[in-house]
Amino acid sequence: MIHLGELISAYLDGETSSEETARVISHIETCDRCRNEMSDVHAARGALRSLPVLEVPEVLFENLGLSTTVVPMRRRPVTWIAAAAAAILIAVTSASLATPDAIGVTLYDVSLNHGQQQLSDPGIAPKLAILSGAEQ
Amino acid sequence: MRRVAVVGVTAVLVIAGAAAGAAAQVAELVEQGEQARYSGEQTVVCNTPDGQTSEVFEVAQADGVVVSRDSGGVVRAAAVTRTGGWSLGGKYEVRDRGEELFLQRPVAVVEIMEGDLLRLRLRFDVETGVLLASDVFNGDGSPYCSTRFVVFLPGAAGLAANVDPELLDLSPVGSFNESALPEAIAGFDRISVGQGPREEIVSAYYGDGIFSFTVLNAERVIDIPELAEAPTADIEGHAYRRQFSLSTVVVEWSSDRGGYVLIGDIPLDVQSQVLRALPTPQQGFFDRLWSLFN
Amino acid sequence: MPEHVPLTWEEVAQTHGRKIYNFAYRLTGNPDDASDLAQEVLLRVRRGLDSYSPGSFEGWLWRITRNAFIDDVRRKKRRPTTSLPDDIDRSTLASTPAPDDVLASIRLGDDVQKALLALPYDFRESVVMCDLIGLSYDEIALATEVPVGTVRSRIHRGRRMLREALK
């Protein structure tokens, strides 16, 4: 049997073609060895991504004659689907979206609204809430 | 490949009334799954009229919050715990299909039948109650969407560590157009009505115990900029703007009862049924153009 | 996808400075080296920005960053712990432990950082570019001037080695 090897990493990174993706999905169901390898890669990625992001020492910018105000980085860019904390939500300026004939609303807001109501939903099908386009 | 959000969430169930056998078993598994703590990778594959899409997500759950990160790095989160009773719509029947192995773990296999049609196949991890695999089918038996965990590590909180949920209440709306948002649509009951994403928009949420969707309605047209490039769908002879994101469909149109948006995770044939039961697109400019060329 | 190219050097420094610094830090494990490197990269970017022609900005930027790193190592005549790219001397860079006065947050990632430094250079570089900087495989291939297949292999092997080291 040919094992997946580096396809495993590529797959988790979203870098596989549709054929490769299909191959990974079907192979992984029956192959213990590749599944264990995927677990290892998953763990390594998790460890790396949890490394703190370091701030650039100010003196560096000073030496280059640049102002020290840096573009603020979202420390933990989490988008809430079924809940909203005002500080985290992407701000939408609603005034600019409306025209006399139409009310503008973003896909993000539509999804959030649906997600909020799912909180009291008794359905058991897997909910795959969407936010397509919201982050672009 | 579209970048979309996925959070595999499951419902809290408090069974309303006496529910026996398989349904009760499912309820227990789901409730147990909500308490679970795990980290893993989940793959989602969907077949839509616009093509097949698939995506892989790093997911994790701890303390009632489930978090996902897609391969583009976008992180999304949702609260898992729900309130409300679970009453399964009369059209469904739950069948216990025994146990299998999935990822070398015992899983309870459950099938949800709609008459003779297999609608949903679920595989719950026996130890934790987590839904490890699911398959949703269209009315013609073709697969709509599938989810699979490919890495499952119970006990580790991963991404879900230290996430602090703050919930917003959906404020109930006073009065609304009952005929525009009826009490029942295509076998789904209206579960709640509330404020939409804008003051003028009313949002009604429908469910049948398995699937659910939201209908938005307003007097004016509801315009979603992201749908401007969306393909036009011909559903039963009328033109709608429609876009898929994995299993979630968003449809936008305007009718004689105002502007509409439908959003939900429902199989393709159910989407058509729901749209058929709602006011059809009016012969606005867009519709007239459409009928000129089709 | 339309490429947004920062218009000015200041903008590049503002939006990419942090990433460049972190890239250098994670590769060397040393804040002083990282500062020197980041500074050198930004200076080279300033010099090169006029002649930049549209393509992959990330690829271009990270190629500069990488070249600056290699030149820096050559200049300081350090000995890398493990193999560097073929075009320079194979010698070992001693993995200098971080000084005591580093930011407290660094201590959280100590084990991971140590494990990173133990990887062969090629693997370490690819893994850092992918998992810490967030570059796509194509961008990494452009920056490191190898085929995407090589990038795939380096990332996968790097991660597996990291996992072993962390067990």
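Only the coordinates and a few stated rules stand behind these numbers; no lab work does. Because the structure is a prediction, the values reported are computed rather than measured. So basically every Cβ, Gly included, is an ideal-geometry build from the backbone, and we count neighbours across all protein chains shown.
Projecting label points 7 angstrom from Cα along Cα→Cβ for residue B:140 and residue C:145 puts them 5.4 nm apart. Residue order for A:18, C:53, fewest other beta carbons within 10 angstrom first, comes to C:53, A:18. Stokes-Einstein diffusion of segment B:90-142 at 37 °C, 0.692 mPa s viscosity, Kirkwood radius from Cα pairs, rounded to a whole number: 286 µm²/s. Residue-wise HN-Hα couplings along segment A:17-31, as the Karplus relation 6.51 cos²θ - 1.76 cosθ + 1.60 with θ = phi - 60° gives them from phi, are 6, 5, 5, 5, 4, 4, 5, 4, 4, 6, 5, 5, 5, 10, 10 Hz; Gly and Pro carry x. If you take all other residues with their beta carbon under 12 Å from the beta carbon of residue C:20, and give Lys and Arg +1 and Asp and Glu -1, the sum is +2. Residues C:25, B:38, C:52, arranged from fewest to most other Cβ atoms within 10 angstrom of their Cβ, appear as C:52, B:38, C:25.
With the convex hull constructed from alpha-carbon coordinates only, segment B:179-273 shows a mean projected area of 6.1 nm² over all directions.
Length gained on full extension, residue B:229 to residue B:277, computed as 0.36 nm times the residue gap minus the Cα-Cα distance: 14.7 nm.
With R₀ set to 35 Å, the beta-carbon distance separating residue A:30 from residue B:28 gives a calculated FRET efficiency near 0.75. In order along segment B:50-62, the Karplus-derived 3J(HN,Hα) couplings, from 6.51 cos²θ - 1.76 cosθ + 1.60 at θ = phi - 60°, round to 8, x, 8, 10, 9, 8, 10, 10, 7, 10, 7, 9, 6 Hz, and Gly and Pro are given as x.
Rounded, prolate or oblate for segment B:14-160? Axes are the square roots of the Cα gyration tensor eigenvalues, ordered a ≥ b ≥ c, and the cut-off for rounded is a/c under 1.5. Oblate, since a/c reaches 1.5 and b/c is not below a/b.
A Cβ-based charge dipole, computed about the Cα centre of segment B:182-238 with Lys and Arg at +1 and Asp and Glu at -1, lands at about 160 debye.
For residue C:76, the aspartates and glutamates whose Cα falls under 15 Å of its own Cα, not counting residues fewer than eight places away in the same chain, are C:32, C:33, C:36, C:40, C:89. In this simple spin-label approximation, residue C:8 and residue C:118 carry label points 7 Å from Cα along the Cα→Cβ vector, and these lie 4.7 nm apart.
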